[in-house]
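> Attaching a single structure in structure tokens format; questions to follow.
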């Protein structure tokens with residue numbers, strides 16, 4: 001019976017230390033997961049930009065094909081490529097093609113920026129989780145110390 005109190009106090013101390021380590025490790029695990037998620041978001045942003053560039057090139061190519069077809073149809077109908085109507089139509093097609101191309105590129109850049117901002121926020125959350133884990137660990141240690149001190153009275 002004389003050993004019961006020291007054994008109980010020792011077990012409480014060990015439990016407190018394990019609880020503190022668990023809290024600290026959980027915070028670090030959250031940080032690691034957040035960093036991996038942020039890395040994936042940044043990769044996704046790069047992919048979105050690449051697809052936006054590809055889509056922009058496709059829009060430009062479509063406009064060039066449409067212009068070519070328009071000139072071929074105009075020539076087959078007997079109109080000249082320098083006919084004001086044909087020139088105006090060709091200019092309109094070129095304008096719309098550039099606009100569509102630039103819009104694709106802009107939209108991809110906006111989406112990529114959003115993903116990068118989300119990655120930064122996720123990473124910051126991971127850093128906060130690490131800090132919170134350290135505070136939880138300190139709280140566990142202090143609480144355990146207080147309990148042990150109370151048991152010694």
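> Confirm whether residue 66 is in a helix (DSSP H, G or I), under 35 Å from the mean Cα position of the chain (by Cα) and either within 30 Å of residue 17 (Cβ to Cβ) or in contact (Cβ under 8 Å) with a residue 24 or more places away in the chain (or both).
The answer is no for residue 66.
> Restricting attention to the range 121-134, which residues are surrounded by 13 or more Cβ atoms within 10 Å (Cβ to Cβ) and touching a residue at least 24 places away in the same chain (Cβ under 8 Å)?
Listed by number, the residues that qualify are 122, 123, 125, 126, 127, 129, 130, 132, 133, 134.
> Answer yes or no: is there a residue in the range 8-18 that is without any contact (Cβ under 8 Å) to a residue 60 or more places away in the chain, outside any helix (DSSP H, G or I) and out of contact with any strand residue (DSSP E or B) (no Cβ under 6 Å at 6 or more places or on another chain).
Among the residues of the range 8-18, not one is without any contact (Cβ under 8 Å) to a residue 60 or more places away in the chain, outside any helix (DSSP H, G or I) and out of contact with any strand residue (DSSP E or B) (no Cβ under 6 Å at 6 or more places or on another chain), which makes the answer no.
> On to the next question. Give just the number: which of (1) within 30 Å of residue 116 (Cα to Cα); (2) surrounded by 13 or more Cβ atoms within 10 Å (Cβ to Cβ) does residue 43 not satisfy?
Condition not satisfied by residue 43: (2).
> Quick one: residue 29 ticks every box in (1) surrounded by fewer than 14 Cβ atoms within 10 Å (Cβ to Cβ); (2) out of contact with any helix residue (DSSP H, G or I) (no Cβ under 8 Å at 6 or more places or on another chain); (3) not in a loop (DSSP other than H, G, I, E, B) except a single one, so which number is it?
Among (1) surrounded by fewer than 14 Cβ atoms within 10 Å (Cβ to Cβ); (2) out of contact with any helix residue (DSSP H, G or I) (no Cβ under 8 Å at 6 or more places or on another chain); (3) not in a loop (DSSP other than H, G, I, E, B), the lone unmet condition for residue 29 is (1).
> Out of 91, 74, 81, which single residue is surrounded by 15 or more Cβ atoms within 10 Å (Cβ to Cβ), over 24 Å from the mean Cα position of the chain (by Cα) and at pLDDT below 95?
So the residue among 91, 74, 81 that is surrounded by 15 or more Cβ atoms within 10 Å (Cβ to Cβ), over 24 Å from the mean Cα position of the chain (by Cα) and at pLDDT below 95 is 74.
> Could we say that residue 121 is under 30 Å from residue 66 (Cα atoms), part of a helix (DSSP H, G or I) and modelled with pLDDT of 95 or more here?
Judged against the criteria, residue 121 is not a match.
> Continuing with the same structure: Given the condition farther than 30 Å from residue 17 by Cα and surrounded by fewer than 17 Cβ atoms within 10 Å (Cβ to Cβ), answer yes or no: does some residue in the range 135-143 qualify?
Within the range 135-143, not a single residue is farther than 30 Å from residue 17 by Cα and surrounded by fewer than 17 Cβ atoms within 10 Å (Cβ to Cβ).
The values are calculated or read from the model by the stated rules, or taken from the named source; none is laboratory data. These figures come from a predicted structure and were not determined experimentally. Here Cβ is always computed from backbone atoms with ideal geometry, including for glycine, and neighbour counts include all displayed protein chains.
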